[in-house]
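What follows is a single structure, written as structure tokens, with notes after it.
The values are calculated or read from the model by the stated rules, or taken from the named source; none is laboratory data. Predicted, not measured: the structure shown is a model, and the values here were computed from it. Note: ideal-geometry Cβ built from the backbone for every residue, glycine included; neighbour counts use all protein chains shown. These area figures cover heavy atoms from the full protein model, side chains too; ligands, DNA and RNA do not enter into them. Shrake-Rupley method; radii C 1.70, N 1.55, O 1.52, S 1.80 Å.
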Amino acid sequence: MKKYIALAILAAILGGGYAAFGWAFPIGFVSVIVGLFLAWGLSVRYIPRKVGVLVNNIIKRIPKGEDGWMFKDEAQSKDWADWFKQQQKDGWKQKEAQLPTRWSKDIDPEAPLPEYPRPQLSRDKWVNLNGLWSFNVVAKEATSVGEFPGQIMVPFAIESALSGVQRPLLPGEKLWYNRKFDVPANWNAEERIVLNFGAVDWETTVLVNGVEQGSHQGGYTPFSFDITDAVKRGEANELVVVVWDPTNAETSSQQRGKQTLKPAFISYTASSGIWQTVWMESVADRRIERTLTHANITKGTALVDVTTTDNCDGLTVEVILKDDNSSFKAEVGQPVLVKPAELKLWTPETPNLYDIKVRLLDGDKVIDEADSYFAMRELGVIKQDGTPLLTLNNKPVFHNGPLDQGYWPDGIYTAPTDAALKYDIELAKSYGYNMLRKHIKIEPARWYHHCDKLGILVWQDMISGGAPIPPKDGWVDYLQHVAPLGIDHHHDIPDRDYEGWGRTEDNKTQFINEYTEMVQSLQMFPSLAVWIPFNEYWGQFDTVRVTEMTRKLDPTRLINSASGFFDQGSGDIYDMHIYRRKIERVEDPRQFRAGVLGEYGGQTWAVEGHLWSDKTFGYGKTEGQAAYQEAYTNMMLNETKVAITNGLAGAVYTQLTDVEIEINGVATYDREVSKVAPEELTRIHNELYEAFEKRNG
């Protein structure tokens, strides 16, 4: 309808001008418009940096503060003192979520998320530090605080209902956490004590008994500190964690993903501070740090790379297969060649895993040991009848799954319980999907472990960053990045508009650091199949270089260099996003990458009683369950299925669940309503797999 109104207005302008001035007006009007669009298109194509400067000057005029989208760097709340007094009066309690989930009631405030947090390398001697901590919020310039008057449940972000706070952390503030802890009496005094954080958003400084242990920047990846020299055995120890998270700050260009202090459109509530498990463990001075396995399914062998601390020269690494207790050894620094007695391949249908015990030996003496696991599986791209396809274990497989953003209405970034974390994967499996695209978020290690065990492929996004553009100013984004007049925004626009997207040299370095941490922390998990460094053009830069770096970090997985646009001709996958129009043929113009729909669909149905807000957003509105099911079925069987017959290699439907005001999930935000019955979704998706098998089997 909007298009017809716009055409009517244009016709009226041209008609009125013609009536008043004759042919000179419409000819002149069209000439000016064409000239402006051509000039802009060529500018975007050939002088993107100058375009970036222009657009940044426009963005700087956006209002800041309460009525604007960005916040001044010094922005602070003025009523924290009153809030602390009220909490002290009422006592700590969970806040009421806008939309609660069934798992909220299962949380023990003294021991939330008690499960071992690092299943890919597990040890026996550890202590979970989750629970009620004291805290304060002060000006970011403060170097110390005199008191910690509030209570907060860790590991839930301060903005979440489950934290018991449910308030934003502004750019001019720092969040100071405090708790006491004891070192277990049975821990060996000869061993080291390591303090581990699953993830803290964004800049973190850690002190033990007043002594700084280190700092970390980045809101999504794990980090650790050896605190042995600072702790006191047999006495109470003090742990202080100081966090600064400049979300929406006018000078911030952190990797923030979809977090915002002003939720709207496809940006959601921020998640500041500790949001994954905190724990400490007792470890040997000479120890195992990581395992990484490379399978060769043709030979039926696997190379297990065991990373150790630097002081392990001359020691031996032993890998024991728990199935039959068979043992394989190699010197430290060399991979251990393992050959299972029985070859059991990992697939979504048969998620076979090999449990192992890894030991560090000095002769026959066990210096350190940990439990881990691996899978026998290989990923690739092949050309079949001229069409590039994705393979699993050398067989073409259609990757079919939803966009999964991993948000929770009560915990925001943190699932209320491990059962809730696992539930989303089980839900996707019950719908007949074989893949999840983890969108602009990195999950706790246990999520990937559940994917490994349950059997589902994972496409992993990197967190977007650079200078954000608020939703209401999307027209600026369009002018800057979608060039007119035949310049295809999918693959004709270069990605060197550093100024336009806030990519300073320091910011690009920070992106590379966090991206490297993400790859190295997740590449052990066999379910992870595809790396996605950039989504659409959000802070995109130097795509070819980042792709080459990814290949060096992890040569065993597929790379989707730029999901949506701007394609720079690199990676293993050519990815298009299609909304509000019929699905077209998805084909790599360079003819060597598998063509996929990285995002599509987005049908909405506002299920009463299960909405985050009365305000909603989506890409295709339906009224009622029958209409939603019809729209979903038609899209899958009349469009996606046809695209498969034309060579489509994979598809990502938007999305698994509703998220805040974005209600295009197949399930509601609280996970209580499936908008189409799981058995019906499975039937529909089986038709897609059958069509793929018929074409490529």
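What FRET efficiency, computed as 1/(1 + (r/R0)^6) with R0 = 30 Å and r the Cβ-Cβ distance, is obtained for T309 and K395, rounded to the nearest 0.05?
Details: r = 40 Å, r/R0 = 1.34.
About 0.15, to the nearest 0.05.
Starting from 0 in steps of 5 Å, tell me what percent of the Cα-Cα pairs of segment 550-697 lands in each bin.
Reading the bins upward from 0: 2, 10, 17, 19, 17, 14, 11, 7, 3, 1.
For Q334 and E110, what is the calculated FRET efficiency with R₀ set at 41 Å and r taken between the beta-carbons, to the nearest 0.05?
Using R0 = 41 Å, I get an efficiency of 0.35.
Just how large is the dipole of the chain about the Cα centre, in debye to the nearest 20, putting +1 at every Lys and Arg Cβ and -1 at every Asp and Glu Cβ? Write down the numbers at each step before the final one.
On the way: 73 positive and 94 negative charges, 328 e Å.
Around 1580 debye, computed over the chain.
With no solvent and one equal point scatterer placed on each C-alpha of segment 129-178, evaluate the Debye formula and give log10 I(q)/I(0) for q = 0.27, 0.28, 0.32 Å⁻¹, two decimals.
Debye intensities relative to I(0), on a log10 scale: -1.07, -1.12, -1.26.
Express in Å², to the nearest 10, the accessible area of I367 obtained by rolling a 1.4 Å probe over the protein heavy atoms while all chains stay in place.
30
If each DSSP helix of 4+ residues adds -39,500 (n - 2.57) and the sum is divided by the residues in the chain, what number results at 222 nm, nearest 500 deg cm²/dmol?
Numbers: 12 runs with 161 residues, N = 697.
So the calculated ellipticity at 222 nm is -7500 deg cm²/dmol.
Give the accessible area for K299 in Å² (nearest 10); use a 1.4 Å probe, count only protein heavy atoms, and leave out ligands, DNA and RNA.
Rounded to the nearest 10, that gives 140 Å².
For segment 562-697, give the magnitude of the charge dipole about the Cα centre (Cβ charges: +1 Lys/Arg, -1 Asp/Glu; no others), in debye to the nearest 20.
Values: 14 positive and 22 negative charges, 98 e Å.
With only Lys, Arg, Asp and Glu charged at Cβ, the dipole is about 480 debye.
Which residues among segment 348-373 fall inside the zone where the amide N is under 16 Å from a point 7 Å beyond the Cα of S326, along Cα→Cβ?
353-357
Return the inverse of the average 1/r over all pairs of distinct C-alpha atoms in segment 112-203, which is the Kirkwood hydrodynamic radius, in Å to one decimal.
Details: mean 1/r = 0.0652 Å⁻¹.
It works out to 15.3 Å.
As I understand it, the value is the acute angle between the Cα axis of helix 543-553 and the longest principal axis of the Cα atoms of the chain; what does it come to in degrees, rounded to 10?
With both axes taken from Cα atoms, the answer is about 20 degrees.
If each of I512 and E74 carries a label point 7 Å out from its Cα toward its Cβ, how far apart are those two points in nm?
Distance between label points: 3.5 nm.
Give me the one-decimal Kirkwood hydrodynamic radius in Å for segment 511-629, with the sum taken over alpha-carbon pairs.
Working: mean 1/r = 0.0604 Å⁻¹.
Result for segment 511-629, one decimal place: 16.5 Å.
Could you calculate the contour length gain from K582 to N638, that is, 0.36 nm times the residue separation minus the distance between their Cα atoms, to one decimal place in nm?
Gain on extension, K582 to N638, equals 19.2 nm.
Please give me the summed charge of the neighbours of D418: other residues whose Cβ is under 13 Å from its Cβ, Lys and Arg +1, Asp and Glu -1.
-3
Can you give the convex hull volume per residue for the Cα atoms of segment 420-468, as a whole number of Å³?
Details: hull volume 4.2 nm³, N = 49.
So the per-residue Cα hull volume is 85 Å³.
If I stretch the segment between Q520 and I33 completely, what's the gain in nm (0.36 nm per residue apart, minus their alpha carbon distance), one decimal? Walk me through the numbers on the way to the answer.
Working: separation 487, 0.36 × 487 = 175.32 nm, distance 5.00 nm.
Gain on extension, Q520 to I33, equals 170.3 nm.
Take every Cα-Cα pair in the chain and report what % of them are more than 40 Å apart. Mind dumping the intermediate values first?
Details: 83705 of 242556 pairs.
Cα-Cα pairs of the chain separated by over 40 Å account for 35 percent.
If the viscosity is 1.567 mPa s and the temperature 4 °C, what translational diffusion coefficient in µm²/s does Stokes-Einstein give for segment 206-333 when Rh comes from Kirkwood over Cα pairs? All intermediate terms of the calculation are to be shown ahead of the outcome.
On the way: Rh = 19.3 Å.
Reported coefficient: 67 µm²/s.
Output needed: percent of Cα pairs per 10 Å distance bin for segment 588-651, bins running from 0 to the one holding the longest distance.
Result, from short to long distances: 19, 39, 25, 14, 3 percent.
Have a look at P246, I266, T291 and report the one farthest towards the positive end of the charge dipole of segment 238-326, computed about the Cα centre with Cβ charges (Lys/Arg +1, Asp/Glu -1).
Positive-end residue among those listed: I266.
What number, in percent, do you get for the relative contact order of the chain if the mean sequence gap of Cα pairs under 8 Å and at least 6 apart is divided by its residue count? Intermediate results must be reported in sequence, preceding the final value.
Details: 1557 pairs, mean separation 88.0, N = 697.
For the chain, the relative contact order is 13 percent.
For q = 0.16, 0.31, 0.35 Å⁻¹, what log10 I(q)/I(0) does segment 391-432 give under the Debye formula with an equal point scatterer on each alpha carbon and no solvent?
Debye intensities relative to I(0), on a log10 scale: -0.55, -1.09, -1.17.
With a 10 Å radius around each residue's Cβ, average the other Cβ atoms per peptide and rank 681-688, 165-172, 348-355, highest first.
Working: 681-688: 17.1, 165-172: 22.1, 348-355: 15.2.
Output ranking for 681-688, 165-172, 348-355: 165-172, 681-688, 348-355.
When averaged across all projection directions, what area in nm² does the alpha-carbon convex hull of segment 115-271 cover? Display every interim value, and only then the final one.
Working: hull surface 41.4 nm².
That works out to 10.4 nm², a quarter of the Cα hull's surface.
Can you tell me the 0 to 90 degree angle between the C-alpha axis of helix 505-522 and the longest principal axis of the chain, rounded to 10?
Approximately 60 degrees, to the nearest 10.
Restricting attention to the alpha-carbon atoms of segment 166-229, what are Rg (one decimal) and Dmax (integer), both in Å?
14.1, 43
Which peptide among 141-150, 541-550 comes first, and what is the full order, when sorted by highest mean count of other Cβ atoms within 10 Å?
Output ranking for 141-150, 541-550: 541-550, 141-150.
Cβ neighbours within 10 Å, averaged per peptide: list 270-279, 334-343, 80-89 in order, most packed at the top. List each step's numbers first, then the result.
Values: 270-279: 27.0, 334-343: 15.1, 80-89: 12.7.
Going from most to least packed, we get 270-279, 334-343, 80-89.
Toward the positive end of the charge dipole of the chain, about the Cα centre and with charges on Cβ (Lys, Arg +1; Asp, Glu -1), which of P119, H450, G598 goes farthest?
About the Cα centre, the residue reaching furthest to the positive side is G598.
Along the Cα→Cβ direction, 7 angstrom out, place labels at F21 and Q88. What is the inter-label distance in nm?
About 7.2 nm separates the two model spin labels.
Ratio to report: Rg/Rh of segment 272-318, with Cα atoms as the point set and Rh obtained by the Kirkwood method; give two decimals.
Values: Rg = 15.9 Å, Rh = 13.8 Å.
Checking Rg against Rh, the ratio lands at 1.15.
Taking a spot 7 Å from the Cα of K383 along the direction of its beta carbon, which residues of segment 557-572 have an amide N less than 20 Å from it?
558-561, 568-572
Helix 418-430 sits at what angle to the longest principal axis of the chain, using alpha carbons and giving 0 to 90 degrees rounded to 10?
With rounding to tens, the tilt is 50 degrees.
State, to one decimal in nm, how far the label point of E349 lies from the label point of S43, with both points 7 Å from Cα in the Cβ direction.
So the label points at E349 and S43 sit 5.6 nm apart.
By the scheme Lys and Arg +1, Asp and Glu -1, what is the net charge of all other residues having a beta-carbon under 14 Å from that of L681? Walk me through the numbers before you get to the answer.
Values: positive: K429, K675, R683; negative: E426, E630, E679, E680, E687.
Value of the local net charge: -2.
Placing +1 at every Lys and Arg Cβ and -1 at every Asp and Glu Cβ, with all other atoms neutral, what dipole size does segment 577-621 have around its Cα centre, in debye to the nearest 20? Each step should come with its number before you reach the end.
Working: 8 positive and 6 negative charges, 43 e Å.
Value, rounded to 20: 200 debye.
Calculate the all-directions average of the projected area of segment 337-417's alpha-carbon convex hull, and give it in nm².
Numbers: hull surface 40.3 nm².
For segment 337-417, averaging the hull's shadow over all directions gives 10.1 nm².
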